[in-house]
Amino acid sequence: MSVRRLLLALPGNEEFAQRLARALAADFARVEARRFPDGESYVRLLVEPAGRVVDLVATLARPDEGFLQLVFAADAARELGATQVNLVAPYLAYMRQDHRFRPGEAVSSRSFARLVSSSFDRLVTVDPHLHRHRALSDIYTIRAEALQSAPLLADWIGTHVEKPLVIGPDEESAQWAGAIAARIGAPHVVLRKVRHGDREVEITLPDLERWRGHQPVLVDDIASSGRTLAVAARELSRRGLARPVCVVVHALFAGDAFETLAPLCARIVSTDSVAHPTNAIVLAPLLAAALRDGADR
Ligand code: R5P
């Protein structure tokens, strides 16, 4: 009888990991983690990992808070005899600082990739922000898979929105907007964005007059400060289009982002890569298929 793989959830990832374990018919356990009084991390595995493939499940929306615990858990699993130690990170952090934009800046995407590669055998994630790095293999030295949620987003839009006009708010989102629109046979346009700071963006629109009868659907990989979507939504309204539906992969929504964006939109939905009230698109089947497929490699 083959040994069932073991999914271990880092704190905050229990619900997601349970959904994934059900989809995989795998065993699930949580990782115990807490702080010592001085702030250092204590980590303990509550299930014996010897002889098993272990998938640590941790979305990396706030990586600085939990990354050491993740590394400690991976090392513990390996030391205690796991045959393979994988990281399942539905949202992969530190992909946007992929270039030294100003002298002296750290290229954190490279450093983070080196740290993850030194602790895990395999990384599975969903729509990492690949822009100047063309593929995860540019910076990750382990087997690293970037799954695409565009078909799931497209199917949600196709089912819930009538006469959608798919809109990418910037050139980086053209890849998602194009793929989504193609799958549901909808038109799409891509806007132009200039970023002036973490929370300041300027967005220019092409002529959208012919799409007035359509429901705008803004699609983006990440909503962080929410400014990209908020500015795009405002510009669309200024042009007389309907309030957009926003569909995002990773609902980071830092600070007041969600409260600022919500009144500007007809609806906001996201995948469950980062737990948020807008979650409407479940990623477990996508991740389960990838993990199952690659089980023997
Ligand atoms: C970068 O261009 C990404 O695709 C997103 O548009 C960006 O990360 C969103 O960030 P924010 O919500 O802070 O505008």
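The values are calculated or read from the model by the stated rules, or taken from the named source; none is laboratory data. Keep in mind it's a predicted model, so treat the numbers as computed, not measured. FYI the Cβ positions are ideal-geometry reconstructions off the backbone, even for glycines, and counts take in every protein chain you see. Just so you know, the surface numbers come from the protein's heavy atoms only, side chains and all, with ligands and any DNA or RNA stripped out. Shrake-Rupley method; radii C 1.70, N 1.55, O 1.52, S 1.80 Å.
Percent of Cα pairs in the range 139-297 per distance bin of 10 Å, from zero to the largest separation: 11, 40, 34, 12, 3, 0. Surface analysis of the chain yields an accessible area of 47 Å² per residue, using protein heavy atoms and a 1.4 Å probe.
Amide H contacts of Ile222 (H built 1.01 Å from N, in plane; Pro and chain starts excluded): Val249, His250 sit under 5 Å, all sequence-distant by 5 or more or on other chains.
Count the DSSP beta bridges whose two residues both fall in the chain, then state the antiparallel fraction as a percent rounded to the nearest 5. Taking every DSSP beta bridge within the chain, about 20 percent pair in antiparallel fashion.
A full extension of the chain between Arg234 and Arg102 corresponds to an added length of 44.5 nm, given 0.36 nm per residue minus the alpha carbon distance. As a calculated quantity, the FRET efficiency between Thr159 and Glu259 at R0 = 25 Å, using C-beta atoms, amounts to about 0.35.
In loop segments of the range 52-119 as defined by DSSP, the chymotrypsin sites (Phe, Trp or Tyr not before Pro) with at most 13 further C-beta atoms inside 10 Å of their C-beta are Phe101. Extension gain for the segment Ala182 to Phe36, taken as residue separation times 0.36 nm less the Cα-Cα distance, is 47.4 nm to one decimal.
Within the shell defined by Cβ-Cβ distances under 15 Å, the residues around Leu264 carry a net charge of +2, with Lys and Arg each +1 and Asp and Glu each -1. Kirkwood's formula applied to the C-alpha pairs of the range 116-232 gives a hydrodynamic radius of 15.7 angstrom.
When the helices of the chain are scored as -39500 (n - 2.57) per DSSP H run of n ≥ 4 and the total is divided over every residue, the value at 222 nm lands at -9000 deg cm²/dmol.
Per-atom-type breakdown for the chain gives carbon and sulfur 49% of the accessible area (1.4 Å probe, protein chains only). Couplings 3J(HN,Hα) for the range 159-172, derived from phi with the Karplus relation 6.51 cos²θ - 1.76 cosθ + 1.60 (θ = phi - 60°), are 7, 10, 10, 8, 6, x, 10, 7, 10, x, x, 7, 4, 5 Hz, where x marks Gly and Pro.
The range 1-77: percent of C-alpha pairs farther apart than 19 Å? The share of Cα pairs beyond 19 Å in the range 1-77 comes to 34 percent. Rg and Dmax over the alpha-carbon atoms of the range 69-122 stand at 13.8, 44 Å. Against the chain, whose longest principal axis is taken from its Cα atoms, helix 14-24 shows a tilt of about 80°. Semi-axis lengths, largest first, of the ellipsoid equivalent to the chain are 36, 21, 17 Å, with √(5λ) applied to each eigenvalue of the Cα gyration tensor.
Report the gain in length on full extension from Ala50 to Thr141: 0.36 nm times residue separation, minus Cα-Cα distance, nm rounded to one decimal.
30.3 nm
Relative to the longest principal axis of the Cα atoms of the chain, the long axis of helix 174-184 makes an angle of roughly 80 degrees.
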